[in-house]
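Step one of this worksheet: look at the structure below.
Values quoted throughout were computed directly from the atomic coordinates according to the rules given, and no laboratory measurement underlies them. Bear in mind the structure is a predicted one, so any value in this text is a computation, not a measurement. Cβ coordinates were reconstructed from backbone atoms using ideal geometry, including for glycine residues, and neighbour counts include every protein chain displayed.
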Amino acid sequence: MMTYELPQVAPPPHVPPQEQADAHIVELIGLDGAEALLDSHRLSALLGREVLITHLRIKPRHSLVVAFREAGPRRTGASCSGYGWITITDDADKFTKALQRASKVGETLTVLRDESPWIISGSVWADPVLAKDVADMRSALGGRPVEVLRYNPRRRLVAAVGEGETRKVIRVVPGAGERLLSIQEQWRSAEVPVTRARPLGQRGSATIVPLWGYGDLVHHPHAPAAETAGAALAQLHARTTLPCGAGTEPADSAQPPGGVLPVDPQTPAHAVALYAPWLERRSARLSELLTERLTEVGTGSIVRLHGDLSPDQVILAAEGSHKIRFIDLERSGMGEALRDLGSWVAACRRMDLPHLVDPFLEGYARASGQCVSALRRSAASRSWEAYAHLSASLDSFRHRERDWPQAVTRAIELAEEALSDAREP
């Protein structure tokens, strides 16, 4: 058996404290006043109400966008979402257009600085990219109160409407509604358990599904449910396999909705080097090795993937039940089957749920007729696990988690461990 060994790269004597790492981020943004938007306490003082930062997006030397939610119990209602956003930018055109777009949907923005770099804030209903789609969704609901569950500024909104058995979940992703419905139909055709969605509104951006089940496997880590999920995923892969070489180009007529997911270790490695410079050499080396290894282990055939598989994407029917459904299919695409397995294993390790790894792999192996030990330790499976760790390594930073420098460093360490432990079957 051959073991892939990472070269010895001397790590820094210690991970920088968060204050030092944040100082680097402020310098990277390069806009006066940006530091107040990176800290929940300072942001609360600026907005005049207590909030918690949930997401951020940075364009160095140009802009910072921050999503936040109000601290305390979530509220619902037509005019109150509990979530909002704030941005600082040196782009006068974007400042003006944000005001205009909010006005078109009957919303008002708060201007906190009316000169460069401009600072403006608003609710999710006034998001510069989502505003029209969200307004269309609210109109389709006839003014019923909406509870925002998750919000990624300028990307997507997940909300709930109704109570009890009539409660439903809504996803708003600009221009992606039809694609999501097509992907879901393919999963259903493969007899894989997903909740049936239907379109909502007129803009093709929102879908609505009944709220189903007891909770996800992060909050209810039930091993038999993980085993069922593994078996169901194997069924999806088996029933959606394309011939070797098919669907590798976006224009290929044989390609199902969703497209071939890119394999790009360089982009996350560059991002790690930018935001966590103490990891620059290690992330660059990971990128080099993953580019090499994933080329070596590729089979050429592709299947339908979940694309972002983790325990929080699997819902179990009831407490102690083995019945499950998959959710959040918007990142689904085509690719190597082991990519989904690597994503699952990596997520379980990062979430401190290692006891869900083996049941899932055993379910997959049983349903696919493969050797479970190969799924655990083969060069291909461990390489895809390493890729998943690298791709998700900055999640803690983007969500402004406490001690994010340690979390980012740990993700890189896990990727290195996976590659070092990769073996030919």
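Which residues does the label zone of VAL129 cover in segment 141-173, counting backbone N under 19 Å from a point 7 Å along Cα→Cβ?
So the set is 149-159, 171-173.
Using a Förster distance of 56 Å, how high is the FRET efficiency between ARG57 and SER373, based on the Cβ-Cβ distance and rounded to 0.05?
Once the sixth-power term is evaluated, E becomes 0.85.
How large is the Rg to Rh ratio of segment 215-420 when both quantities use alpha carbon positions and Rh follows Kirkwood?
Result for segment 215-420 is an Rg/Rh of 0.96.
Does segment 31-210 come out rounded, prolate or oblate by the C-alpha gyration tensor, with a ≥ b ≥ c the root eigenvalues, rounded set by a/c under 1.5 and, if not, prolate when a/b is larger than b/c and oblate if not?
prolate
Whole Å is fine, so just give me how far the alpha carbon centre of segment 293-346 lies from that of segment 169-223.
For segment 293-346 versus segment 169-223, the Cα centre distance is 15 Å.
Under a crude label model (7 Å from the Cα following the beta-carbon direction), how far is ASP91 from HIS41 in nanometres?
My value for the distance between the label points is 3.3 nm.
About the Cα centre of the chain, what is the dipole size in debye to 20, counting +1 per Lys and Arg Cβ and -1 per Asp and Glu Cβ, all else neutral?
1220
Over segment 31-210, what relative contact order in percent results from Cα pairs under 8 Å that are six or more residues apart?
The value is 15 percent.
Counting only GluC sites (Glu not before Pro) that sit in a DSSP loop (anything but H, G, I, E, B) with at most 11 other Cβ atoms within 10 Å, what is the longest stretch of the chain containing none of them?
Longest stretch, sites excluded: 192-318.
Just to be sure I understand: of the beta bridges DSSP finds with both ends in the chain, what percent are antiparallel, rounded to 5?
Bridges in the chain are about 95 percent antiparallel.
Over the chain, what relative contact order in percent results from Cα pairs under 8 Å that are six or more residues apart?
15
Grab the beta carbon distance between HIS14 and THR110, set R0 = 30 Å, and tell me the FRET efficiency rounded to 0.05.
0.15
Given Cβ point charges of +1 (Lys, Arg) and -1 (Asp, Glu) and nothing else, what value in debye, to the nearest 20, does the dipole of segment 31-210 about its Cα centre take?
Approximately 500 debye in magnitude.
Please work out how much length the chain gains when fully extended from MET351 to HIS219, using 0.36 nm per residue of separation minus the C-alpha to C-alpha distance, in nm with one decimal.
Between MET351 and HIS219, full extension yields 46.5 nm more.
Compute the FRET efficiency between GLN202 and GLU163 as 1/(1 + (r/R0)^6), taking r as their Cβ-Cβ distance and R0 = 30 Å, and round to the nearest 0.05.
My answer for the efficiency is 0.70.
What do you get for trypsin sites (Lys or Arg not before Pro) in segment 373-407 restricted to DSSP loop and a cutoff of at most 16 other Cβ within 10 Å of the site's Cβ?
Sparse-neighbourhood loop trypsin sites (Lys or Arg not before Pro): ARG402.
Take the alpha carbon gyration tensor of segment 20-117, find the square roots of its eigenvalues, order them as a ≥ b ≥ c, and report rounded if a/c is under 1.5; if not, report prolate when a/b exceeds b/c, else oblate.
It is oblate, given that a/c is not under 1.5 and a/b is not larger than b/c.
Quick one: grab the alpha carbon gyration tensor of the chain, order the square roots of its eigenvalues as a ≥ b ≥ c, and give me rounded if a/c is under 1.5, else prolate or oblate depending on whether a/b is larger than b/c.
oblate
Amide H to amide H, which residues 5 or more places from MET334 or on other chains are under 5 Å from it, using H placed in the peptide plane?
The answer is GLY259, VAL260, LEU261, LEU305.
Which one, SER378, TRP404, VAL51, projects farthest toward the positive side of the charge dipole computed for the chain from Cβ point charges (K/R +1, D/E -1)?
The Cα lying farthest towards the positive end belongs to VAL51.
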